[in-house]
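Read through the structure below, which is laid out as structure tokens, and then see the notes.
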Amino acid sequence: NIIAISWKSAAGTIEPPTDTAGNKYSEAAQLTPGGGNLSQAIYFAKKIPAADAGNTVEVKFSGGRLGVNVCVAEYSGLDDPIVEGTSSRSGSNNSATSGPVTTTAANTLLFTAGTTWGEFGNARNEFDTRELTQRLDALVADRIVNAGTYEAEAPKGGNTSSTWLMQVVA
């Protein structure tokens, strides 16, 4: 599981997520307060076994927050995952970007997530959009790459001058 947690405030903190199956979640991209009162972090858990009764993820917040969004993506068939690199960017132009991340291995998963006060369009640069929530202004996308340097990008819609925050994890 990879979990992107975002909210509309520069204040507040989160604890590592927990779930009802007892899996341990590790930080993949650190909590980043971006410009315009946006915050986001990305966590992951390795080798989660199937749970017959389902599995509920819980995130605990402290401090002020507004417009909380928690996106959970489930992947299978990955080798023992390690975080090879991350990048985070914030801005207010009409194209959001994660900044560059470099990977040295073939078949590496790149996971990107973003939040904005405006709207996102579908991810670019060969990323597949997995979640695009206009009500909460969040984006989750991914792609598999070979060794190289990559950057996630998404166009802004609506108020194109609104602030955004994007992160990518290899």
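Observations, loosely collected:
- Alpha-carbon radius of gyration plus Dmax, which is the widest Cα pair, for the stretch 86-170 in Å: 12.1, 38
- Linear extension gain, N94 paired with T13, 0.36 nm per residue minus alpha-carbon span: 26.4 nm
- Subtracting the Cα-Cα distance of A21 and T160 from 0.36 nm times their residue separation leaves 46.0 nm of extension gain.
- When the P(r) is computed for the stretch 1-126, the part past 17 Å accounts for 61% of the Cα-Cα pairs.
- Using a simple spin-label model with pseudo-atoms 7 Å out from Cα toward Cβ, I144 and A106 lie 1.2 nm apart.
- Here the ratio of the Cα radius of gyration of the stretch 1-69 to 2.2 N^0.38 Å is 1.17.
- Once each of the GluC sites (Glu not before Pro) sitting in a DSSP loop with at most 13 other beta-carbon atoms within 10 Å is removed, the chain keeps 1-73 as its longest stretch.
Where a number appears in this text, it was derived from the coordinates with a stated rule and is not lab data. Only a predicted model underlies this, so the values are computations on that prediction, with no experimental measurement involved. Please note: Cβ atoms are built from the backbone with ideal geometry, for glycine as well, and neighbour counts cover all protein chains shown.
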